[in-house]
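The values are calculated or read from the model by the stated rules, or taken from the named source; none is laboratory data. If you're wondering where the values come from, they're calculated on a predicted model, not measured in any experiment. Neighbour counts run over all protein chains shown; Cβ positions are idealised from the backbone, glycine included.
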């Protein structure tokens, strides 16, 4: 039993480290990707306004155009992502704005001529989405930052032993009250070790988590 718990504790610690690596990667790449949209739009406007068919008095410096475009677009993209519950493609699909799609349709693989615009906007939103997602995950993590891994390993072991699922109220951990056990369950769900029923009364180990534990 002790060896099994040590294995689970090591696995829990490893996933926490991977979480922080994920957050760091999102915050490192997100700011650079925020400039994809302004870069594309400013390049398009620059190409149109300096072409043979359009003449302006004087030449607008591309860098100035890019700076103004970024100053306008980036805050708007962040506002959109902060308020959004779905991606643009998902919202368009739910609103019926995308064309008829096959049964295996995925919002991330749109088909049809007009759907390309949504895909292009999704690409522009990658940077803000990474940053907003990282900040939200960081905030959610604050509520479970004091969880004891030894106790979490005991709960995870009990859920694994239960097989097809267990009532959360039946879980017991030495030295942990009911509130702490609920926080441990939230901790395990946050790191995607377990899944929860819709009424939040039952839990079971995710199949992917079992495979990773078995291969570790």
If you check residue 131 against the conditions, is it at pLDDT 90 or above, within 17 Å of residue 16 (Cα to Cα) and in a helix (DSSP H, G or I)? no
Out of everything in the range 173-184 that is in contact with a helix residue (DSSP H, G or I) (Cβ under 6 Å, 6 or more places away or on another chain) and in contact (Cβ under 8 Å) with a residue 24 or more places away in the chain, what residue ends up being farthest from residue 10 (Cα to Cα)? 176
It is to be established whether one or more residues within the range 190-201 are on the phi < 0 side of the Ramachandran plot, at pLDDT 90 or above and over 26 Å from the mean Cα position of the chain (by Cα). no
Go through the range 25-65 and report how many residues are modelled with pLDDT under 90 and either touching a helix residue (DSSP H, G or I) at 6+ places or on another chain (Cβ under 7 Å) or at positive phi (or both). 9
Test for residue 213: is it touching a strand residue (DSSP E or B) at 6+ places or on another chain (Cβ under 9 Å), modelled with pLDDT of 85 or more and either part of a helix (DSSP H, G or I) or over 24 Å from residue 21 (Cβ atoms) (or both): no
With criteria (1) surrounded by 11 or more Cβ atoms within 10 Å (Cβ to Cβ); (2) modelled with pLDDT of 90 or more; (3) under 20 Å from residue 139 (Cβ atoms), residue 21 comes up short on (1)
List pairs: first residue in the range 18-32 and touching a residue at least 40 places away in the same chain (Cβ under 8 Å), second residue surrounded by 14 or more Cβ atoms within 10 Å (Cβ to Cβ) and not in a helix (DSSP H, G or I) anywhere in the structure, Cβ distance under 7 angstrom, at least six positions apart or on different chains. 19/191
Taking the range 159-173 and keeping residues surrounded by 15 or more Cβ atoms within 10 Å (Cβ to Cβ) and assigned to a helix (DSSP H, G or I) leaves 159, 160, 162, 168
